[in-house]
1. With θ taken as phi - 60° and the coefficients 6.51, -1.76 and 1.60, list the Karplus ³J(HN,Hα) couplings across region 110-122 in order, rounded to whole Hz; mark glycine and proline as x.
2. How would you rank 44-53, 176-185, highest first, on the average number of other Cβ atoms within 10 Å across their residues?
3. Is the C-alpha gyration tensor of region 23-71 telling us rounded, prolate or oblate? Criteria: a/c under 1.5 is rounded; beyond that, a/b larger than b/c is prolate, otherwise oblate.
4. In debye to the nearest 20, how big a dipole does region 60-100 give about its Cα centre with +1 on each Lys and Arg Cβ and -1 on each Asp and Glu Cβ?
5. Would you mind counting up the charge near Phe127? Only other residues with Cβ under 15 Å from its Cβ, with Lys and Arg at +1 and Asp and Glu at -1.
6. Accessible area per residue of region 49-145 at 1.4 Å probe, in Å²?
7. From the P(r) of region 83-132, could you give the percentage of C-alpha pairs in the tail past 11 Å?
8. Per 0.36 nm of contour for each residue apart, how much would the distance between Ala24 and Phe184 grow if the chain were fully extended, relative to their Cα-Cα spacing?
Amino acid sequence: MAEQAETLRRTPLSRDRILRAAVALADEAGIESLSMRNLAQDLGVVPMALYKHVANKDELLDGMIDVVVGEIRAPEPGTDWKRAVRGRILSAREVLQRHPWAPLAIESRNMATPAILAYLDSTIGAFRAGGFSVDLTHHVMHAMGSRILGFSQELFDADRRAGRSGRADTNPPTALPPEIAARFPHVAEIAMAASHDDESVLGQGCDDQFEFEFALDLLLDGIERLHQHGWASARRPG
(Lines give C-alpha, C1' and ligand atoms only; values in the text may rest on other atoms or scores of the structure.)
Protein backbone atom coordinates (compact mmCIF):
# COMPACT_ATOMS: atom_id res chain seq x y z
CA MET A 1 0.00 0.00 0.00
CA ALA A 2 2.80 2.39 0.90
CA GLU A 3 4.52 1.62 -2.40
CA GLN A 4 1.30 2.30 -4.33
CA ALA A 5 0.84 5.62 -2.53
CA GLU A 6 4.44 6.58 -3.32
CA THR A 7 3.99 5.59 -6.98
CA LEU A 8 0.84 7.72 -7.18
CA ARG A 9 2.68 10.67 -5.69
CA ARG A 10 5.35 10.34 -8.38
CA THR A 11 2.75 10.21 -11.17
CA PRO A 12 2.85 13.48 -13.15
CA LEU A 13 0.14 15.88 -12.08
CA SER A 14 -2.75 16.22 -14.54
CA ARG A 15 -6.28 17.57 -14.52
CA ASP A 16 -7.73 14.04 -14.52
CA ARG A 17 -5.55 12.95 -11.59
CA ILE A 18 -6.54 16.06 -9.62
CA LEU A 19 -10.26 15.55 -10.26
CA ARG A 20 -10.20 11.87 -9.33
CA ALA A 21 -8.25 12.61 -6.16
CA ALA A 22 -10.80 15.31 -5.27
CA VAL A 23 -13.68 12.87 -5.80
CA ALA A 24 -11.95 10.31 -3.58
CA LEU A 25 -11.38 12.91 -0.87
CA ALA A 26 -15.03 14.03 -0.97
CA ASP A 27 -16.20 10.40 -0.87
CA GLU A 28 -14.08 9.66 2.16
CA ALA A 29 -14.47 12.80 4.25
CA GLY A 30 -17.39 14.74 2.74
CA ILE A 31 -17.48 17.67 0.36
CA GLU A 32 -17.12 20.13 3.23
CA SER A 33 -13.62 18.74 3.86
CA LEU A 34 -12.48 19.51 0.34
CA SER A 35 -10.05 22.41 -0.03
CA MET A 36 -7.23 23.11 -2.43
CA ARG A 37 -4.80 22.81 0.48
CA ASN A 38 -6.12 19.40 1.59
CA LEU A 39 -6.22 18.16 -1.98
CA ALA A 40 -2.65 19.30 -2.61
CA GLN A 41 -1.54 17.53 0.55
CA ASP A 42 -3.20 14.28 -0.61
CA LEU A 43 -1.45 14.58 -3.97
CA GLY A 44 1.90 15.44 -2.43
CA VAL A 45 2.21 18.80 -4.18
CA VAL A 46 2.06 22.45 -3.21
CA PRO A 47 -1.39 24.10 -3.59
CA MET A 48 -0.17 26.41 -6.37
CA ALA A 49 0.60 23.38 -8.55
CA LEU A 50 -3.14 22.63 -8.73
CA TYR A 51 -3.94 25.98 -10.31
CA LYS A 52 -2.05 25.04 -13.47
CA HIS A 53 -4.83 22.51 -14.14
CA VAL A 54 -7.94 23.95 -12.42
CA ALA A 55 -8.52 27.68 -12.19
CA ASN A 56 -10.40 27.68 -8.89
CA LYS A 57 -12.62 25.71 -6.52
CA ASP A 58 -15.69 26.15 -8.75
CA GLU A 59 -13.89 24.68 -11.75
CA LEU A 60 -12.69 21.83 -9.53
CA LEU A 61 -16.24 21.07 -8.42
CA ASP A 62 -17.56 21.17 -11.99
CA GLY A 63 -14.87 18.72 -13.02
CA MET A 64 -15.66 16.42 -10.09
CA ILE A 65 -19.32 16.35 -11.12
CA ASP A 66 -18.33 15.41 -14.65
CA VAL A 67 -16.14 12.56 -13.35
CA VAL A 68 -19.09 11.20 -11.35
CA VAL A 69 -21.60 11.56 -14.20
CA GLY A 70 -19.12 9.79 -16.47
CA GLU A 71 -19.61 6.64 -14.34
CA ILE A 72 -23.29 6.32 -15.35
CA ARG A 73 -23.84 3.39 -17.72
CA ALA A 74 -25.25 4.08 -21.16
CA PRO A 75 -28.10 1.84 -22.38
CA GLU A 76 -27.41 -0.90 -24.90
CA PRO A 77 -28.04 0.17 -28.52
CA GLY A 78 -31.53 -0.71 -29.69
CA THR A 79 -33.07 -0.65 -26.20
CA ASP A 80 -36.64 0.71 -26.22
CA TRP A 81 -37.13 4.14 -24.70
CA LYS A 82 -38.71 2.99 -21.44
CA ARG A 83 -36.06 0.41 -20.60
CA ALA A 84 -33.31 2.78 -21.71
CA VAL A 85 -34.50 5.66 -19.53
CA ARG A 86 -35.25 3.45 -16.53
CA GLY A 87 -31.89 1.69 -16.73
CA ARG A 88 -29.98 4.95 -17.11
CA ILE A 89 -31.73 6.53 -14.13
CA LEU A 90 -31.15 3.51 -11.89
CA SER A 91 -27.50 3.47 -12.94
CA ALA A 92 -27.31 7.17 -12.03
CA ARG A 93 -28.79 6.36 -8.64
CA GLU A 94 -26.15 3.66 -8.03
CA VAL A 95 -23.42 6.13 -8.94
CA LEU A 96 -24.74 8.89 -6.68
CA GLN A 97 -25.03 6.47 -3.78
CA ARG A 98 -21.28 5.87 -4.17
CA HIS A 99 -20.76 9.65 -4.12
CA PRO A 100 -23.34 10.97 -1.59
CA TRP A 101 -22.03 14.54 -1.83
CA ALA A 102 -22.81 14.74 -5.56
CA PRO A 103 -26.57 15.57 -5.55
CA LEU A 104 -26.11 18.75 -3.53
CA ALA A 105 -23.04 19.64 -5.58
CA ILE A 106 -25.08 19.27 -8.78
CA GLU A 107 -27.89 21.42 -7.37
CA SER A 108 -25.42 24.09 -6.26
CA ARG A 109 -24.14 24.86 -9.75
CA ASN A 110 -25.51 27.89 -11.60
CA MET A 111 -24.99 26.18 -14.95
CA ALA A 112 -25.08 22.53 -15.93
CA THR A 113 -21.65 21.01 -16.58
CA PRO A 114 -20.78 19.50 -19.98
CA ALA A 115 -21.28 15.95 -18.70
CA ILE A 116 -24.67 16.83 -17.20
CA LEU A 117 -25.73 18.43 -20.49
CA ALA A 118 -24.57 15.36 -22.43
CA TYR A 119 -26.49 13.09 -20.05
CA LEU A 120 -29.67 15.15 -20.35
CA ASP A 121 -29.26 15.34 -24.12
CA SER A 122 -29.02 11.56 -24.39
CA THR A 123 -32.05 11.10 -22.13
CA ILE A 124 -34.11 13.52 -24.20
CA GLY A 125 -32.83 11.69 -27.27
CA ALA A 126 -34.19 8.40 -25.88
CA PHE A 127 -37.67 9.92 -25.58
CA ARG A 128 -37.47 11.47 -29.04
CA ALA A 129 -36.25 8.18 -30.57
CA GLY A 130 -39.24 6.52 -28.90
CA GLY A 131 -41.57 8.75 -30.91
CA PHE A 132 -42.26 11.40 -28.26
CA SER A 133 -43.06 14.87 -29.51
CA VAL A 134 -40.92 17.82 -28.41
CA ASP A 135 -43.99 19.10 -26.54
CA LEU A 136 -44.51 15.93 -24.49
CA THR A 137 -40.77 15.45 -23.90
CA HIS A 138 -40.55 19.00 -22.54
CA HIS A 139 -43.25 18.30 -19.95
CA VAL A 140 -41.84 14.86 -19.15
CA MET A 141 -38.47 16.39 -18.24
CA HIS A 142 -40.24 18.80 -15.89
CA ALA A 143 -42.17 15.95 -14.28
CA MET A 144 -39.06 13.81 -13.80
CA GLY A 145 -37.01 16.63 -12.34
CA SER A 146 -33.87 15.58 -10.47
CA ARG A 147 -35.06 11.97 -10.60
CA ILE A 148 -33.61 11.94 -14.12
CA LEU A 149 -30.21 12.20 -12.43
CA GLY A 150 -30.92 9.47 -9.90
CA PHE A 151 -31.95 11.45 -6.84
CA SER A 152 -34.98 13.18 -5.45
CA GLN A 153 -35.75 15.43 -2.50
CA GLU A 154 -37.54 13.35 0.11
CA LEU A 155 -39.66 14.94 2.80
CA PHE A 156 -37.79 15.59 6.05
CA ASP A 157 -34.48 14.26 4.70
CA ALA A 158 -32.08 16.21 6.92
CA ASP A 159 -29.13 13.95 6.05
CA ARG A 160 -29.29 14.84 2.37
CA ARG A 161 -29.50 18.56 3.10
CA ALA A 162 -26.34 18.14 5.17
CA GLY A 163 -24.61 16.44 2.24
CA ARG A 164 -24.50 13.00 3.85
CA SER A 165 -25.71 9.72 2.46
CA GLY A 166 -28.08 9.09 5.34
CA ARG A 167 -26.66 5.60 5.87
CA ALA A 168 -24.33 6.24 8.80
CA ASP A 169 -27.01 7.10 11.34
CA THR A 170 -28.68 3.96 12.66
CA ASN A 171 -30.63 5.61 15.46
CA PRO A 172 -34.36 4.89 15.19
CA PRO A 173 -36.60 7.87 14.42
CA THR A 174 -38.31 9.54 17.33
CA ALA A 175 -42.02 8.69 17.53
CA LEU A 176 -44.47 11.52 17.15
CA PRO A 177 -45.46 12.88 20.57
CA PRO A 178 -49.08 11.93 21.40
CA GLU A 179 -50.29 15.54 21.26
CA ILE A 180 -48.76 15.97 17.78
CA ALA A 181 -50.18 12.64 16.60
CA ALA A 182 -53.62 13.66 17.84
CA ARG A 183 -53.42 16.99 16.03
CA PHE A 184 -52.14 15.48 12.75
CA PRO A 185 -53.70 12.02 12.66
CA HIS A 186 -53.05 11.28 8.99
CA VAL A 187 -49.33 12.01 9.33
CA ALA A 188 -49.22 9.77 12.41
CA GLU A 189 -51.08 7.03 10.56
CA ILE A 190 -48.55 6.97 7.73
CA ALA A 191 -45.63 7.16 10.14
CA MET A 192 -46.93 4.15 12.04
CA ALA A 193 -47.73 2.18 8.90
CA ALA A 194 -44.21 2.36 7.47
CA SER A 195 -42.02 -0.67 8.14
CA HIS A 196 -38.70 1.06 7.91
CA ASP A 197 -35.41 -0.19 6.61
CA ASP A 198 -32.70 0.65 9.16
CA GLU A 199 -30.52 2.23 6.49
CA SER A 200 -33.24 4.34 4.87
CA VAL A 201 -32.85 8.09 4.71
CA LEU A 202 -36.55 8.16 5.51
CA GLY A 203 -36.09 6.41 8.84
CA GLN A 204 -36.53 2.84 9.98
CA GLY A 205 -39.09 1.13 7.75
CA CYS A 206 -39.06 2.68 4.26
CA ASP A 207 -36.89 0.95 1.69
CA ASP A 208 -35.23 3.83 -0.17
CA GLN A 209 -34.55 1.84 -3.32
CA PHE A 210 -38.10 0.48 -3.44
CA GLU A 211 -39.59 3.95 -2.92
CA PHE A 212 -37.39 5.44 -5.63
CA GLU A 213 -38.25 2.72 -8.15
CA PHE A 214 -41.94 2.86 -7.20
CA ALA A 215 -42.11 6.58 -8.02
CA LEU A 216 -39.97 6.16 -11.13
CA ASP A 217 -42.19 3.38 -12.51
CA LEU A 218 -45.31 5.38 -11.64
CA LEU A 219 -43.98 8.27 -13.71
CA LEU A 220 -42.81 6.12 -16.61
CA ASP A 221 -46.11 4.22 -16.79
CA GLY A 222 -48.06 7.46 -16.80
CA ILE A 223 -45.74 8.98 -19.40
CA GLU A 224 -46.18 5.88 -21.58
CA ARG A 225 -49.98 6.22 -21.45
CA LEU A 226 -49.80 9.89 -22.44
CA HIS A 227 -47.55 9.00 -25.35
CA GLN A 228 -49.87 6.20 -26.51
CA HIS A 229 -52.86 8.59 -26.44
CA GLY A 230 -51.06 11.31 -28.38
CA TRP A 231 -51.19 13.81 -25.51
CA ALA A 232 -50.30 17.41 -26.33
CA SER A 233 -50.19 20.44 -24.04
CA ALA A 234 -52.45 22.36 -26.46
CA ARG A 235 -55.25 19.93 -25.56
CA ARG A 236 -54.76 19.89 -21.81
CA PRO A 237 -57.77 20.87 -19.65
CA GLY A 238 -58.05 24.58 -18.97
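1. Result, ordered by residue: 6, 10, 5, 6, x, 5, 4, 4, 5, 5, 5, 4, 5 Hz.
2. Going by the mean number of other Cβ atoms within 10 Å, highest first, we get 44-53, 176-185.
3. Judged from the Cα gyration tensor, region 23-71 comes out oblate (a/c at least 1.5, b/c at or above a/b).
4. Taking the Cα centre of region 60-100 as origin, the dipole is about 260 debye.
5. With Lys, Arg at +1 and Asp, Glu at -1, the net is +2.
6. Result: 50 Å² per residue.
7. For region 83-132, the share of Cα pairs beyond 11 Å comes to 73 percent.
8. Stretched out fully, the Ala24 to Phe184 stretch lengthens by 53.2 nm.
The values are calculated or read from the model by the stated rules, or taken from the named source; none is laboratory data. No experiment lies behind these values; they were computed from the predicted model shown. Cβ sites come from the backbone with ideal geometry, for glycine too, and all protein chains shown count toward neighbours. Heads up: the accessible areas ignore ligands, DNA and RNA and are worked out on the full protein's heavy atoms, side chains in. Shrake-Rupley method; radii C 1.70, N 1.55, O 1.52, S 1.80 Å.
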